[in-house]
Amino acid sequence: MPKFGLLRDLLIQEGIVSLDQIYQPGAPPQSWIEEVHTPDYVRAYCTGTLDAKAQRRIGLPWSPNLVKRTCTAVGGTILTAKLAMSHGIACNTAGGTHHAFPAYGSGFCIFNDLAIAARILLTQQHVNRILIFDLDVHQGDGTAWIFQAEPRVFTFSMHCDVNFPRQKQTSDLDVPLAEGLEDAAYLHKVHTYLPDLLSQVKPDLVLYDAGADIHVRDRLGKLALSNTGLYERDRTVLATCVAAGYPVACVIGGGYDDNMIDLVYRHSLLHRAAAEVYRQYRL
């Protein structure tokens, strides 16, 4: 839980972002969350009346502070998406809760911020077509299920095949990876899939889940990328989207390590790559 604030502090301390580049989101209206999630589930979670079994499935103990953080993170992804439409690139310092389904949460995910942001941008007619490019080590099962019958949202998930969730859903395109995959083979797949997806989908916006849990030292990952591989992945995704004229909104996704300093640094690689691409293309 502390990693989100520590990430923001690191980005400022190292001059990766300036204070005038930081936007503070608020919680979205509950009706926006209910564009994706059932009113009963939203109400039960926000009021602390969710039953014990449902809370265990989420994996996080309920608290008023967690409700505030969860809703603020959703607001952050919506704001990130809108900023990306204006600036070409924008990054949340949280988000990527892709295991949340309409009526329940799962795998540390309570509300699906990617799905909510996509639905709100479509409803408000900011976009007509969205690509969700999910490179978290775990399949974006909730997102895939939510948009299974939505032709305006293309869901892509490249994930470790033998990892959570045990029961996978069907994305528009799934790329399962073998356990232990390293930098070169992983990056080759990113280079292989992304340009063709952009040409095929022609999205008005790319929502990019940049999970750091593909790292070799991530305790829930099962892949074997280095810090260099992580950075190159994010730089490649952002540069490819921007060079082709597609705005990209980023969330940090998963990352799990008892060494908080190392974990926060891994998450910061997304923002370092974004800063480089932003300067390179003079956005």
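Using the Cβ of residue 145 as centre and a radius below 14 Å, the other residues enclosed give a net charge of -3, where K and R count +1 and D and E count -1.
Per residue, segment 197-283 exposes an accessible area of 37 Å² to a 1.4 Å probe, with every protein chain left in place.
Across 143, 170, the residue with the most accessible area heads the list, and the full order at a 1.4 Å probe is 170, 143. Residue 145 exposes around 110 Å² of accessible area when a 1.4 Å probe is run over every protein chain in place.
Pairs of lysine in the chain with Cα under 20 Å and at least 8 positions apart or on different chains: total? Summing the qualifying lysine pairs gives 5.
Of the peptides 36-43, 16-23, 266-273, 237-244, the order by per-residue mean of other Cβ atoms within 10 Å, starting with the highest, comes out as 266-273, 237-244, 36-43, 16-23. Site pair residue 85 and residue 193 shows an inter-label distance of 2.7 nm when each label is modelled 7 Å from Cα along Cα→Cβ. Counting only protein heavy atoms and a probe of 1.4 Å, the accessible surface of the chain is 52% carbon and sulfur.
The value of relative contact order for the chain, using C-alpha pairs under 8 Å at least six residues apart, is 20 percent.
Pair-distance distribution of the chain: all C-alpha pairs, bin width 10 Å, starting at 0; shares per bin in whole percent are 7, 32, 39, 20, 2, 0.
The alpha-carbon atoms of segment 1-96, seen along their principal axes, cover 44, 27, 17 angstrom, with the largest extent given first.
Entry note, segment 138-185: relative contact order of 41 percent, from Cα contacts under 8 Å with a spacing of 6+ residues. If you bin all the Cα-Cα distances of segment 85-222 at 10 Å, starting from zero, the percentages per bin are 12, 44, 36, 8, 0.
Between residue 125 and residue 217, what length comes free when the chain is fully extended (0.36 nm per residue of separation minus the Cα-Cα distance, one decimal in nm)? Here the answer is 29.0 nm.
With contacts defined as alpha carbon pairs under 8 Å and 6 or more residues apart, what's the relative contact order of segment 90-182 in percent?
Once normalised by length, the contact order is 23 percent.
For the pair residue 258/residue 47, report the inter-label distance in nm, with labels modelled 7 Å from Cα in the Cβ direction. With each label placed 7 Å out from Cα toward Cβ, I get 4.1 nm.
Exposed loop sites were defined as GluC sites (Glu not before Pro) in DSSP loop states (anything but H, G, I, E or B) carrying at most 13 other C-beta atoms within 10 Å; in the chain the longest segment without such a site runs 15-178.
The values are calculated or read from the model by the stated rules, or taken from the named source; none is laboratory data. Just so it is clear, the structure is predicted and the values come from calculations on it, not from any experiment. Here the Cβ is made from the backbone with ideal geometry for all residues, glycine too, and neighbour counts use every protein chain on show. For the accessible areas, the whole protein counts, side chains as well, though only heavy atoms, and no ligand, DNA or RNA atoms are used. Shrake-Rupley method; radii C 1.70, N 1.55, O 1.52, S 1.80 Å.
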